[in-house]
Amino acid sequence: MAATAASACIKTEVIAAEEGLKTAAQNKGLIYGCAVGGPLLENDPAFADAVIRDAGMLVHEYEMKRKYTQPRPRGYDFSKADRVMEFAKRHSMKTRGHPLVWHAANPEWLIEALGERRPRIEKERLLTEYIGIVGRRYSGRLHSWDVVNEAVNHEEWRGDGMRATSPWYKVFGESYIELAFHAAKEADPNAILFLNDFGVESTVRWNEQRRTAILKLLDRLKAKNVPVEGFGIQGHLYAYNDRFEEDVFANFLRQLEGYGLKLMITELDVRDRGGPPSPAQRDADIAGLTRRFLDVALESRAMLGVLTWGLSDRYSWVSAEPENKWPDGKPARILPLDENLAKKPMWSAIKTAFEQAPAR
Ligand code: XIL
């Protein structure tokens with residue numbers, strides 16, 4: 001038994017010692033990282049070693065969301081978030097904060113409080129006090145913060161494309177965004193402050209609507225000197241239900257650069273639903289799209305790096321939804337490593353994209 005455990009341990013250490021994606025990124029002055037759920041790092045040593053090999057940056061998959069950090073009005077709990085921070089520190093990884101303000105993953109008490117009849121100043125405190133506490137607590141330790149996540153929503157069919165159903169928007173209109181950025185700047189002047197959103201890379205109409213909404217929002221924020229310093233492109237791609245064209249995406253990146261923003265791909269994964277049954281074919285298609293997407297992204301001098309939303313198909317938020325599994329029960333093949341932690345063509349596509357990228 002002891003011998004088996006020891007050899008398993010040696011085997012996983014070998015994984016961690018191999019050259020990983022982080023090195024390919026660092027060689028070009030770029031960052032590669034991934035989202036992780038903290039318990040996986042503690043409970044699955046082989047997975048943790050793959051993370052150590054590949055990731056130069058970690059972002060909490062959920063532990064930094066308000067539902068977890070402030071489960072009760074006077075009850076903050078950073079213990080889970082801190083464990084990921086400690087793991088990152090132990091392995092010399094950078095960290096991102098995600099997110100300070102979002103319409104989702106809020107504690108129930110907060111949504112209720114925002115909906116009650118209370119003076120506006122009290123509701124403002126529910127927004128800015130939290131940002132102050134969390135921002136100061138991690139000040140100096142985070143590379144960047146997603147200050148506001150998913151501010152636009154094409155599905156609400158508004159002229160300005162804003163997510164007006166957000167509990168924050170309902171109280172403050174879009175001024176919640178500037179309140180949040182100013183509070184974040186005050187709390188952690190060193191972290192790069194990001195607006196983060198999805199559905200902005202493809203040619204399909206709903207992506208075009210979202211790009212327009214974001215650029216107009218940036219016009220308004222910049223006109224008021226709101227300290228938005230970066231734009232995070234989540235990058236949840238679809239290999240079989242989408243249309244990616246290099247020039248459309250490149251044009252959007254140039255428009256973002258025009259605001260003087262830093263850029264990052266913050267949550268890359270490529271869904272395989274609607275694809276052929278052959279896993280090898282799907283892996284090849286996904287690698288192809290990953291490479292086309294990253295070649296454009298890394299061409300931008302404002303691009304700081306790439307994070308995938310998870311590292312291995314063994315654990316992915318997409319497969320957590322039963323309808324995304326394959327009929328044979330196999331998980332979606334959306335991330336760089338397969339469910340056995342073997343490198344997929346997507347892993348090589350990311351590595352090559354870094355190798356081919358212009359150095360910063
Ligand atoms: C997801 C997490 O992966 C899940 O574990 C959680 O249940 C829901 O949120 N965009 C985001 C991320 O900004 O925070 C989301 O993460 C995925 C989509």
| Peptide ranges 177-185, 247-255 listed from the most packed, as the mean C-beta count within 10 angstrom indicates | 177-185, 247-255
| So which of K28/K80; K80/K185; K22/K216 end up more than 30 Å apart, counting from Cα to Cα? | K28/K80; K22/K216
| message | If I model a spin label as a point 7 Å beyond the Cα along the Cα-Cβ vector, how far apart are those points for D328 and S175 in nm? | response | 5.8 nm
| field | Between the range 122-140 and the range 215-257, the alpha-carbon center distance in angstrom | value | 27 Å
| Gain on full stretching of the segment that runs from Q281 to R220 - 0.36 nm per residue minus C-alpha separation | 17.5 nm
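Can you tell me the convex hull volume per residue for the chain, based on C-alpha atoms, in Å³ to the nearest whole number?
Working: hull volume 51.9 nm³, N = 360.
Per-residue hull volume (Cα only) is 144 Å³.
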| task | Could you tell me how many degrees, from 0 to 90 and to the nearest 10, lie between the Cα long axis of helix 79-90 and the main elongation axis, the longest principal axis, of the Cα atoms of the chain? | result | 50 degrees
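For the range 213-360, give the share of DSSP beta bridges that are antiparallel, in percent and rounded to the nearest 5; count only bridges with both residues there. Don't skip to the end; give the middle numbers.
Working: 1 of 12 bridges.
Among the beta bridges of the range 213-360, antiparallel pairing accounts for roughly 10 percent.
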| remark: Taking 284-294, 135-145 and ranking on average Cβ neighbours within 10 Å, highest first, one gets 284-294, 135-145
| field | Extended-chain gain in nm, criterion 0.36 nm per residue less alpha-carbon gap, R118 and K89 | value | 6.3 nm
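Can you give me the orientation-averaged projected area of the convex hull built on the Cα atoms of the range 144-254, in nm²?
Working: hull surface 29.1 nm².
Computed as one quarter of the Cα hull surface, the answer is 7.3 nm².
DSSP beta bridges in the range 54-162, what fraction antiparallel, as a percent rounded to 5? Provide the component values of the computation, followed by the final result.
On the way: 2 of 8 bridges.
The answer is about 25 percent antiparallel.
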| query | Cα-based count: Lys pairs in the range 228-360 below 26 Å, eight or more positions apart or different chains? | reply | 7
| task | Rank-order 104-116, 343-355 by packing density, defined as the average count of other C-beta atoms within 10 Å over each peptide's residues, highest first. | result | 343-355, 104-116
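Where a number appears in this text, it was derived from the coordinates with a stated rule and is not lab data. The model shown is predicted, which means the values in this text are computed figures rather than measured ones. Neighbour counts are summed over all protein chains in view; Cβ atoms, including those assigned to glycine, are modelled from backbone coordinates with ideal geometry.
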